[in-house]
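The values are calculated or read from the model by the stated rules, or taken from the named source; none is laboratory data. Predicted model only: the values in this text are computed from it and were never measured. Cβ coordinates were reconstructed from backbone atoms using ideal geometry, including for glycine residues, and neighbour counts include every protein chain displayed. Calculation scope for accessible area: heavy atoms of the full protein, side chains included, ligands and nucleic acids excluded. Shrake-Rupley method; radii C 1.70, N 1.55, O 1.52, S 1.80 Å.
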Amino acid sequence: MAPKKSGKAKGKAAAAGKSVSGSPSKAVDAELPPVTFDHMLPAVENSCFRRLGDCKEVQGSGQTAAFEYPVDRLFEKGSFPVAEVMEYGNHGAERMSGEEYRERDRLATVHYDDLRRAAEAHRQTRRFMHSVIRPGVTTLEIAQTLEAKSRQLISAQGLQAGWAFPTGVSLNNCAAHYTPNYSEDPVVLGQGDIMKVDFGVHVGGRLVDSAWTVAFDSKFDPLIQATQDATNTGLKHAGIDVQLGELGGVIEEVIRSYEMEEGGKTLAIKPIRNLSGHSIEPYRIHAGKSVPIVACDDRDRMEEGEVYAIETFASTGRGFVDEVGACSHYMLDYDYAHGHKKAQLRQASAKPLLNLIQKNFGTLAFCRRWLDDAGAPRHLLHLKGLEQAGIVNPYPPLSDTEGSYTSQMEHTFILRPTCKEIISRGDDY
């Protein structure tokens with residue numbers, strides 16, 4: 001597939017091209033030479049980020065230092081990297097070697113390949129962004145630069161491949177669901193801030209959802225490590241037939257074992273009890289099952305073949321988030337989109353916006369910036385109408401108490417018949 005080259009992120013152009021669902025022109029494709037594998041991608045040293053691993057040097061990757069080539073130009077179909085494999089705790093060896101399990105695994109390979117391609121684009125986008133995210137850069141610049149690069153690396157093509165949801169760049173007490181609207185005053189990332197970077201990409205609706213925390217001050221180390229250790233512990237204990245409520249208890253115990261020092265005071269670190277991980281299905285980021293991060297009586301169990309995102313959140317505040325601030329994240333109601341829910345659109349003038357949402361995003365989440373970039377700059381009134389009709393659901397920013405700090409870490413994994421595959425794992429986290 002021909003590669004494409006992104007432009008610079010400037011204002012409402014968002015560096016994403018003329019259309020959210022558009023494909024690059026042949027003239028732009030032709031600017032890149034054929035891929036060669038005789039150079040190496042340099043290592044990325046991440047000492048400016050707290051608790052983030054260095055990215056190792058990659059020999060013969062074919063990728064340029066500017067990350068110009070889409071990943072499907074660098075790997076043959078069926079050969080995208082397997083990031084990390086974990087054996088199941090119970091009967092793990094039997095599943096790894098059993099003929100029946102291996103055959104079921106083989107039959108599902110086509111789906112794994114889509115997820116692995118999305119995961120490789122996610123990893124390379126993160127690697128690129130490690131050199132971009134610095135104090136003094138605005139959250140809008142961070143989000144737009146990331147979105148332009150992830151779109152380029154995934155070979156975005158309408159609803160066949162592209163963004164899975166808006167880029168979260170949530171600061172300090174805001175834990176999730178914040179991405180800048182164009183109408184807002186610029187927000188600058190500061191040396192003393194802690195930011196959660198949460199983004200996703202998909203191929204054929206198969207989503208990779210992964211997040212990490214950016215901070216520059218060593219005081220945040222315990223808070224970041226709480227979610228890193230909690231997520232990794234959750235991944236270790238996850239598996240076929242594991243009860244979700246019990247898994248939440250294991251995660252909670254890890255987070256509560258940490259505390260943070262600030263201004264001579266010791267701050268308890270708590271799990272954010274009303275946030276959780278989730279199961280994932282094609283074109284559906286939250287597919288029905290939740291992975292709690294506190295102990296609860298949820299008796300649902302994980303099942304073979306399911307895809308999950310374990311995402312853990314820690315806070316120095318109450319450990320509970322509320323909806324605060326202007327909404328930027330939205331999603332077409334899944335039941336409405338599939339004809340399982342009736343809804344009356346009172347404003348006929350909102351129909352073009354609904355058509356645009358269905359064409360460009362389907363049941364994937366989107367943000368107001370993307371509507372602007374797709375040719376609907378004066379959309380707010382009609383978006384409110386779609387929301388009031390129950391056709392589109394809003395997802396406002398989620399924040400703990402003012403003055404508190406929050407962290408996040410998230411990985412996507414597959415419960416294969418033979419093993420767990422941590423699809424989004426990288427050198428960085």
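Observations on the structure shown:
- GLN225 being open to solvent by 10 Å² or more (accessible area, probe 1.4 Å), assigned to a helix (DSSP H, G or I) and at pLDDT 95 or above: yes
For every residue, the table says whether it meets (1) touching a residue at least 40 places away in the same chain (Cβ under 8 Å); (2) touching a strand residue (DSSP E or B) at 6+ places or on another chain (Cβ under 7 Å); (3) within 30 Å of ILE194 (Cα to Cα); (4) outside any loop (DSSP other than H, G, I, E, B).
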| residue | (1), (2), (3), (4) |
| --- | --- |
| PRO34 | no, no, no, no |
| ASP38 | no, no, no, no |
| GLU68 | yes, no, yes, no |
| VAL82 | yes, yes, no, no |
| GLY89 | yes, no, no, no |
| MET96 | yes, no, no, yes |
| ARG102 | yes, no, no, yes |
| TYR112 | yes, yes, no, yes |
| ARG117 | yes, yes, yes, yes |
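- Scope segment 228-244; condition open to solvent by 10 Å² or more (accessible area, probe 1.4 Å) and assigned to a helix (DSSP H, G or I); matching residues: GLN228, ASP229, ASN232, THR233, LYS236, HIS237
- Matching residues in segment 43-66 - criterion: being open to solvent by 70 Å² or more (accessible area, probe 1.4 Å) and either closer than 14 Å to HIS130 by Cα or not in a loop (DSSP other than H, G, I, E, B) (or both): GLU45, SER47, ARG51, ASP54, LYS56, GLN59, ALA65
For every residue, the table says whether it meets (1) touching a Phe, Trp or Tyr at 6+ places or on another chain (Cβ under 9 Å); (2) outside the structural domain of HIS379 (by the TED database); (3) in a strand (DSSP E or B).
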position: THR125; (1), (2), (3): yes, yes, no
position: ILE133; (1), (2), (3): yes, yes, no
position: GLY136; (1), (2), (3): no, yes, no
position: THR145; (1), (2), (3): yes, yes, no
position: SER150; (1), (2), (3): yes, yes, no
position: GLY168; (1), (2), (3): yes, yes, yes
position: THR179; (1), (2), (3): no, yes, no
position: SER183; (1), (2), (3): no, yes, no
position: GLN191; (1), (2), (3): yes, yes, no
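Here is a yes/no grid of residues against (1) in a loop (DSSP other than H, G, I, E, B); (2) more than 30 Å from GLY89 (Cα to Cα); (3) not charged (D, E, K, R):
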position: HIS340; (1), (2), (3): yes, yes, yes
position: GLY362; (1), (2), (3): yes, yes, yes
position: GLU387; (1), (2), (3): no, yes, no
position: GLY390; (1), (2), (3): yes, yes, yes
position: THR418; (1), (2), (3): yes, no, yes
position: SER424; (1), (2), (3): yes, no, yes
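- Residue that is surrounded by the most Cβ atoms within 10 Å (Cβ to Cβ) [pool: residues in segment 371-399 that are of a type in the set (Asp, Glu) and more than 29 Å from ARG273 (Cα to Cα)]: ASP373
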